[in-house]
Amino acid sequence: MSVTEKSLQEKQAWEPLIVAFCCNWCSYAGGDLAGTSRMPYPANIRVIRVPCSSRVNPMMVLRAFQRGADGVLVAGCHPGDCHYTSGNYYTRRRMSVFRRLLEYTGIEPERFQVTWISGSEGAKFAQVMNRVTEEVRALGPNRKLRDAR
Amino acid sequence: MKKLKKEKLTELWSLLAERTSLYLPVDEGGSVNFLPWEKGMEVDLDALNSTIPPKSIFFQQTEVYLQYTTEEDGLKFEEITPQGPAVLFGVRPCDLKGIQLLDNVFLQEPEDSLYKQRRLETTIVALTCTKPDSSCFCTLFDIDPGAAPGADLLATDLGEEFVFTAQSEKGESLLEAIATLLEDAEADSKAVEEVRRQAKAAVPTHGLDVEGLKEKLDSMFDDPIWGTFYRRCLGCGTCTYLCPTCHCFDIQDHTRGEEGLRFRCWDSCMFGEFTLMASGHNPRPTQKERVRNRFLHKLNYYPKNFESYACVGCGRCVRKCPVNLDMIEVIKALGGVTSGSC
Amino acid sequence: MKPTVDKLKEIAAETLVGKKAELILGWQKGSFWWQSFPAFIEKQEELDSLTWDPFCVANLSIYLLEELKRKKKVALFVKGCDALAINRLLQDKCIEREQVLLYGLPCKGMADRAKIEAAVGEELSIREVRRDGDEFIVLTDNGEQHLDASNYLLDKCLSCRYPNPIVYDQLLAQEIDTFPVKERFQSVVKLENSTFEERYLYWSGHFNRCLRCFACRNVCPACNCRECIFDQNEPRWLGKANILSENQFCHLIRAYHVAGRCIDCGECQRVCPMDIPLQELNRKLIKDLNELYGDYDAGTDPEEPQPLGTFKLDDPASFSES
Ligand code: SF4
Ligand code: SF4
Ligand code: SF4
Ligand code: SF4
């Protein structure tokens with residue numbers, strides 16, 4: 001098999017892997033609702049439940065990329081709705097600058113996304129997961145941050 | 001003796017790179033390091049010492065030496081393919097000595113097979129110095145910047161050309177392989193001698209003297225002096241990673257599901273974690289013990305084992321330690337001085 | 001009037017005699033003209049080693065955490081950037097103001113050894129470099145050379161915004177006029193305007209060269225965690241292999257961990273043995289924090305909360321919030 005053939009085949013076989021950190025109180029519940037309402041979202045998403053979006057630190061994001069994620073999503077309650085009152089306000093600041101830092105070192109912003117999904121937004125959950133999957137699919141596999149060993 | 005006109009250097013690189021891997025001192029934008037040569041790279045044979053010493057070619061900063069998969073009937077190991085023959089061109093006499101000091105460690109029983117193979121397969125072309133700088137002090141350790149015993153080939157810069165002297169079979173065969181580019185240089189032997197002699201005279205002495213220092217240190221383990229100068233140490237790895245004779249390493253596994261690899265990587269006695277034990281106990285609890293270890297290792301422990309100080313006076317720690325806790329300062333503080341200052 | 005070595009020695013002597021502090025942190029000369037390194041002075045007879053010259057660049061405040069474990073009070077000399085570092089430590093409640101006695105030194109910038117060597121040529125012949133007004137006077141074996149100091153400063157001093165210490169107990173000389181500085185975000189903007197691929201190549205090239213010696217972290221007045229995440233081994237967040245992926249992890253996290261706390265002193269980049277432009281990472285974060293959450297100058301006010309430790313209800317985000 002020639003190299004181009006092989007890479008073409010790889011590309012066709014490749015499915016993006018997305019790690020979604022979802023806060024327990026809103027976004028995870030939103031996912032549950034999407035599930036019980038039978039709203040389809042892609043199997044590319046691997047949900048990791050966290051107590052609050054502000055529990056996610058940039059090291060977790062980078063570790064996901066190192067270990068093979070093609071995209072990472074952090075999802076929390078809408079501002080004002082945080083179960084712990086203010087966690088997501090910190091998330092907003094932290095992840096905003098971190099996202100720009102990644103961009104600055106050459107990582108496309110679509111690879112790392114942040115969003116707010118409430119427990120009643122099952123439809124939004126499904127829609128965001130679809131969108132993120134397609135945006136990452138368009139970018140192709142993550143080679144830049146991956147630990148290729 | 002053979003010589004090569006400098007304008008033929010690029011031809012030489014191409015010729016050598018066809019046969020083997022070729023490592024040359026390359027300017028990476030300010031800092032010069034030994035890199036596998038590719039066309040278009042800026043080779044700098046005037047730079048004195050590379051920032052990272054050429055020990056990194058033989059004792060790599062990170063080296064996988066075991067690869068395995070877990071299968072039903074147990075672990076299955078994969079062979080690590082050695083890199084094959086190489087030429088390392090432009091090693092300064094102090095750095096060559098550094099490699100020889102590492103040989104003492106890695107080639108003693110039990111031999112380090114990957115290191116050994118690389119050593120055997122690599123032809124080292126040493127380059128005598130023409131312009132030692134103020135932080136050089138190789139002569140303190142009886143290293144002659146105009147000679148490099150043990151190198152396969154010795155090169156000397158005569159301004160317009162390099163003169164080569166073969167010092168081993170590997171050196172001879174390298175000269176044969178590039179014979180088409182060379183001219184005879186027997187007539188230049190006087191000039192070569194002169195350049196090599198001048199190099200030695202140009203190395204500053206700094207008023208240092210290490211005669212008897214090793215013996216003196218035998219009884220200095222608990223000396224209060226160790227409680228003084230360590231205080232400014234940042235505990236970084238600059239001095240150890242850049243030192244051509246430092247050779248400490250760590251071994252770690254990297255496992256992914258059923259697969260894994262085991263690698264060796266540089267470690268530094270200046271890091272707290274270096275001596276941290278699984279129990280949580282750390283026999284070198286503060287920077288004081290760590291600094292003491294670095295200098296006693298160079299000036300006392302290693303000499304006890306191998307009859308040679310483990311510093312080659314390359315000056316890297318002098319140039320790069322952010323707080324000037326370097327070998328010259330420490331030898332002075334330990335009393336290894338005869339006269340004057342720098 | 002510029003501060004003189006004699007003035008430093010005099011004040012240090014007073015401090016010791018009057019038992020105002022148990023330890024004085026200053027600088028002393030090394031074997032070479034370009035070496036002035038941290039000095040730890042506790043006894044009268046050590047006073048004479050004190051120096052103050054264009055190479056006293058080391059920030060002494062980074063030793064406080066360790067020394068204050070054993071000492072009740074430490075006196076130290078602080079230049080403009082060092083004073084910002086003191087505020088940094090105060091802000092994180094790493095030290096108490098009463099534990100330190102600060103002698104302020106207005107600073108016209110420190111000399112760059114390499115620039116001077118390049119100008120003088122014969123580096124082996126240089127014996128001493130000192131400042132006289134706006135000049136560096138270079139004493140060599142072959143005589144004296146006068147250099148316009150502004151051309152031979154460390155890069156980091158070229159964009160110094162606080163040459164006068166903003167926190168001190170006693171100022172040892174008159175404040176100097178601030179000098180025109182180089183716009184500090186220039187190279188950040190240039191990088192921002194390049195393509196993703198260009199930026200990736202630029203940074204991965206630098207990250208690949210990193211030795212992981214941690215000089216940048218250890219010298220940093222904003223890196224004051226008791227145990228750095230990079231040193232933790234249970235779990236081991238940062239793998240020890242020197243490969244691009246781990247090095248990227250190391251650099252992005254180092255820069256991020258000082259976001260909103262970095263005083264822009266440039267020490268990290270100065271000590272990096274591999275000349276990695278760490279300031280361009282730190283300054284990217286400073287610039288973004290300023291743009292998104294309002295101007296903030298770390299180290300100027302120890303009472304003000306740092307930008308990543310606070311929030312406003314109507315903060316903007318760099319991602320879509322709808
Ligand atoms: S001696 Fe210097 S280079 Fe070595 S660990 Fe200490 S500060 Fe770093
Ligand atoms: S101790 Fe310093 S001068 Fe000696 S070999 Fe090592 S780096 Fe070079
Ligand atoms: S410039 Fe560097 S050393 Fe200084 S505070 Fe910022 S990160 Fe730390
Ligand atoms: S000082 Fe430079 S080489 Fe050392 S860890 Fe920091 S960036 Fe890497």
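The values are calculated or read from the model by the stated rules, or taken from the named source; none is laboratory data. Model, not experiment: these values are computed from the prediction. Glycine gets a Cβ as well: all are built from the backbone with ideal geometry, and neighbour counts include every protein chain shown. Note: areas computed on protein heavy atoms with side chains; ligands, DNA, RNA excluded. Shrake-Rupley method; radii C 1.70, N 1.55, O 1.52, S 1.80 Å.
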Selected residue [within 12 Å of ligand 2 (Cβ to nearest atom) and more than 23 Å from C:Ala215 (Cβ to Cβ)] from B:Leu299, B:Leu334
B:Leu299
Taking segment B:135-165 and keeping residues assigned to a loop (DSSP other than H, G, I, E, B) and open to solvent by 10 Å² or more (accessible area, probe 1.4 Å) leaves B:Cys136, B:Asp142, B:Ile143, B:Asp144, B:Ala147, B:Pro149, B:Gly150, B:Asp152, B:Leu158, B:Gly159, B:Glu160
Look at C:Arg209 and say whether it is over 23 Å from B:Ser50 (Cβ atoms), within 12 Å of ligand 4 (Cβ to nearest atom) and open to solvent by 20 Å² or more (accessible area, probe 1.4 Å).
no
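Working only within segment B:250-293, note down all residues that are among the acidic types (Asp, Glu), open to solvent by 70 Å² or more (accessible area, probe 1.4 Å) and either under 26 Å from the mean Cα position of the chain (by Cα) or away from chain C (no Cβ under 11 Å) (or both).
Selection gives B:Glu258, B:Glu259.
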Can you list the strands (runs of 3 or more DSSP E) lying wholly within segment A:43-149 that have 2 or more residues being more than 10 Å from chain C (Cβ to nearest Cβ)?
A:45-50, A:71-76
Under 8 Å between Cβ atoms, which residue pairs at least 6 apart in sequence (or on different chains) link something in segment B:225-249 that is at the interface with chain C (Cβ under 7 Å from one of its Cβ atoms) with a partner that is among the basic types (Lys, Arg) and outside any helix (DSSP H, G or I)?
B:Gly237/C:Arg212
Being away from ligand 1 (no atom under 16 Å from the Cβ), over 19 Å from the mean Cα position of the chain (by Cα) and of a type outside the set (A, V, I, L, M) narrows C:Arg184, C:Arg254, C:Arg236 down to just C:Arg236
Being open to solvent by less than 20 Å² (accessible area, probe 1.4 Å), out of contact with any Leu (no Cβ under 6 Å at 6 or more places or on another chain) and not aliphatic (A, V, I, L, M), is that true of even one residue in segment C:224-233?
no
Going through (1) closer than 28 Å to B:Glu63 by Cβ; (2) in contact with a Gly (Cβ under 8 Å, 6 or more places away or on another chain) one by one, B:Cys265 fails only at (2)
Scanning segment B:221-249 for residues that are more than 16 Å from ligand 4 (Cβ to nearest atom), open to solvent by less than 70 Å² (accessible area, probe 1.4 Å) and among the polar types (S, T, N, Q) gives B:Thr245
Would you check if B:Gln60 is within 14 Å of another protein chain (Cβ to nearest Cβ) and either small (Gly, Ala, Ser) or under 26 Å from B:Asp103 (Cβ atoms) (or both)?
yes
Residues of segment C:171-188 being more than 11 Å from chain A (Cβ to nearest Cβ) and open to solvent by less than 70 Å² (accessible area, probe 1.4 Å), in sequence order, are C:Leu171, C:Leu172, C:Ala173, C:Ile176, C:Phe179, C:Val181, C:Arg184, C:Phe185, C:Ser187
Any chance B:Ser268 is under 25 Å from B:Ile225 (Cβ atoms) and within 16 Å of ligand 4 (Cβ to nearest atom)
yes
Going through (1) part of a loop (DSSP other than H, G, I, E, B); (2) open to solvent by 50 Å² or more (accessible area, probe 1.4 Å); (3) closer than 30 Å to B:Glu193 by Cβ one by one, B:Glu111 fails only at (3)
Taking segment B:156-172 and keeping only residues that are out of contact with any Asp or Glu (no Cβ under 9 Å at 6 or more places or on another chain) and of a type in the set (Gly, Ala, Ser), one is left with B:Gly159
May I ask you to list the residues in segment C:192-222 that are away from ligand 2 (no atom under 16 Å from the Cβ), closer than 16 Å to C:Leu252 by Cα and among the aliphatic types (A, V, I, L, M)?
C:Leu201, C:Ala222
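For every residue, the table says whether it meets (1) within 12 Å of ligand 4 (Cβ to nearest atom); (2) touching a strand residue (DSSP E or B) at 6+ places or on another chain (Cβ under 9 Å).
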residue	(1), (2)
C:Asn233	no, no
C:Arg254	yes, no
C:Cys262	no, no
C:Leu289	no, no
C:Ala317	no, yes
C:Ser320	no, yes
Could you tell me whether any residue of segment C:298-310 is crowded, with 19+ Cβ neighbours inside 10 Å, of a type in the set (Val, Ile, Thr) and within 15 Å of ligand 3 (Cβ to nearest atom)?
no
Just checking, does segment C:121-134 include any residue being within 30 Å of C:Lys20 (Cα to Cα), in contact with a strand residue (DSSP E or B) (Cβ under 6 Å, 6 or more places away or on another chain), open to solvent by 10 Å² or more (accessible area, probe 1.4 Å) and away from ligand 3 (no atom under 16 Å from the Cβ)?
no
Collect the residues in segment B:295-315 that are assigned to a helix (DSSP H, G or I), open to solvent by 10 Å² or more (accessible area, probe 1.4 Å) and within 14 Å of ligand 1 (Cβ to nearest atom), keeping them in residue-number order.
B:His297
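Based on what the data block shows, is A:Gln113 open to solvent by less than 20 Å² (accessible area, probe 1.4 Å) and either charged (D, E, K, R) or farther than 29 Å from C:Asp314 by Cβ (or both)?
It is false that A:Gln113 is open to solvent by less than 20 Å² (accessible area, probe 1.4 Å) and either charged (D, E, K, R) or farther than 29 Å from C:Asp314 by Cβ (or both).
In segment C:42-83, what residues are more than 30 Å from C:Leu153 (Cα to Cα), of a type outside the set (Lys, Arg) and either touching a residue at least 40 places away in the same chain (Cβ under 8 Å) or open to solvent by 40 Å² or more (accessible area, probe 1.4 Å) (or both)?
In the first step, residues of segment C:42-83 are kept if they are more than 30 Å from C:Leu153 (Cα to Cα); the result is C:42-45, C:66-73.
Subset that is of a type outside the set (Lys, Arg): C:42, C:44-45, C:66-68.
Selection gives C:Glu42, C:Gln44, C:Glu45, C:Glu66, C:Glu67.
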Quick one: C:Asn218 ticks every box in (1) modelled with pLDDT of 95 or more; (2) open to solvent by 30 Å² or more (accessible area, probe 1.4 Å); (3) away from ligand 1 (no atom under 14 Å from the Cβ); (4) closer than 30 Å to C:Glu66 by Cβ except a single one, so which number is it?
(3)
Here the residues within segment C:282-312 that are at the interface with chain A (Cβ under 7 Å from one of its Cβ atoms) and either farther than 19 Å from C:Arg88 by Cα or of a type in the set (Ser, Thr, Tyr) (or both) are C:Lys284, C:Asp288, C:Leu292, C:Tyr293, C:Phe311
So C:Pro165 clears everything in (1) in a loop (DSSP other than H, G, I, E, B); (2) within 13 Å of another protein chain (Cβ to nearest Cβ) except one condition, right? Which one?
(2)
Would you confirm, using the coordinates I've provided, whether B:Arg196 is facing another protein chain (nearest Cβ under 10 Å), part of a helix (DSSP H, G or I) and either away from ligand 1 (no atom under 16 Å from the Cβ) or free of Cβ contacts under 8 Å to residues at least 60 places away in the same chain (or both)?
no
Being of a type in the set (D, E, K, R) and over 15 Å from the mean Cα position of the chain (by Cα) is the filter here, so list the residues in segment C:58-111 that pass it.
C:Glu66, C:Glu67, C:Lys69, C:Arg70, C:Lys71, C:Lys72, C:Lys73, C:Asp92, C:Lys93, C:Glu96, C:Arg97, C:Glu98
